[in-house]
Amino acid sequence: MQTPRRLAATAAVLAITLAGATACGEDEPAPDSSGDPKTIEITFEDGMVTPNGERVKVGVDQEVELVVQADDAGEIHVHSTPEQMLEYGAGTTTLPITLDQPGVVEVESHDLDQVIVQLEVR
């Protein structure tokens with residue numbers, strides 16, 4: 001008869017552990033809500049781009065500045081609703097965007113067929 005007790009004890013420990021893990025997720029710091037823009041530096045050079053698919057947390061309605069340093073002019077696609085197509089020139093171009101819906105928004109170069117950054121909007 002000790003087996004049912006052990007099962008009940010194991011289930012209780014598991015439930016407490018899962019509840020604690022869930023609570024820890026709530027303590028995660030929120031994206032910057034100070035009103036300061038989030039700056040993301042993007043470099044296009046010799047047919048390559050950096051960053052390369054990194055995920056960056058931003059707040060809903062927080063201004064994001066994509067600071068593009070490029071050796072040639074081009075276009076960045078922001079897969080938000082509505083979708084945005086942003087042109088940049090050779091040299092340095094700052095492209096401000098603001099996202100008003102939570103979710104993950106991919107910013108990519110269609111010319112290179114590459115995701116530059118994923119914006120996790122919260």
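The values are calculated or read from the model by the stated rules, or taken from the named source; none is laboratory data. The structure presented is a predicted model; accordingly, all values stated were derived computationally and were not measured. When we count neighbours, we look across all protein chains shown, and the Cβ atoms used for this are built from the backbone with ideal geometry, even at glycine. Note: accessible area is taken over every heavy atom of the protein model, side chains too, but ligands, DNA and RNA are not part of it. Shrake-Rupley method; radii C 1.70, N 1.55, O 1.52, S 1.80 Å.
Could you identify the single residue in 75, 87, 41 that is of a type in the set (Asp, Glu), modelled with pLDDT of 55 or more, in a strand (DSSP E or B) and touching a His at 6+ places or on another chain (Cβ under 9 Å)?
Step by step, each of 75, 87, 41 is checked, and only 75 is of a type in the set (Asp, Glu), modelled with pLDDT of 55 or more, in a strand (DSSP E or B) and touching a His at 6+ places or on another chain (Cβ under 9 Å).
What is the number of the single condition among (1) surrounded by fewer than 13 Cβ atoms within 10 Å (Cβ to Cβ); (2) of a type in the set (Asp, Glu); (3) within 22 Å of residue 121 (Cα to Cα) that residue 87 does not meet?
With (1) surrounded by fewer than 13 Cβ atoms within 10 Å (Cβ to Cβ); (2) of a type in the set (Asp, Glu); (3) within 22 Å of residue 121 (Cα to Cα) applied to residue 87, the lone miss is (3).
Looking at 108, 75, 65, 83, which is the one that is more than 14 Å from residue 43 (Cα to Cα) and of a type in the set (D, E, K, R)? Please lay out each step first, then the result.
Details: 108 fails: more than 14 Å from residue 43 (Cα to Cα); 75 fails: more than 14 Å from residue 43 (Cα to Cα); 65 fails: more than 14 Å from residue 43 (Cα to Cα).
Sole residue among the options that is more than 14 Å from residue 43 (Cα to Cα) and of a type in the set (D, E, K, R): 83.
Counting only residues that are within 12 Å of residue 50 (Cα to Cα) and either more than 11 Å from the chain's Cα centre (by Cα) or modelled with pLDDT under 95 (or both), which one in the range 97-122 is least open to solvent (accessible area, probe 1.4 Å)?
Per the criteria, the residue is 109.
When you go through 68, 78, 56 one by one, which is the residue that is within 21 Å of residue 36 (Cα to Cα) and open to solvent by 20 Å² or more (accessible area, probe 1.4 Å)?
56
Among the listed residues 67, 115, identify the single one that is on the phi < 0 side of the Ramachandran plot, assigned to a strand (DSSP E or B), touching a Gly at 6+ places or on another chain (Cβ under 6 Å) and of a type in the set (Val, Ile, Thr).
Testing whether each residue is on the phi < 0 side of the Ramachandran plot, assigned to a strand (DSSP E or B), touching a Gly at 6+ places or on another chain (Cβ under 6 Å) and of a type in the set (Val, Ile, Thr) leaves just 115.
State whether one or more residues within the range 18-30 are in a loop (DSSP other than H, G, I, E, B) and either modelled with pLDDT of 55 or more or surrounded by 14 or more Cβ atoms within 10 Å (Cβ to Cβ) (or both).
The answer is no; no qualifying residue exists.
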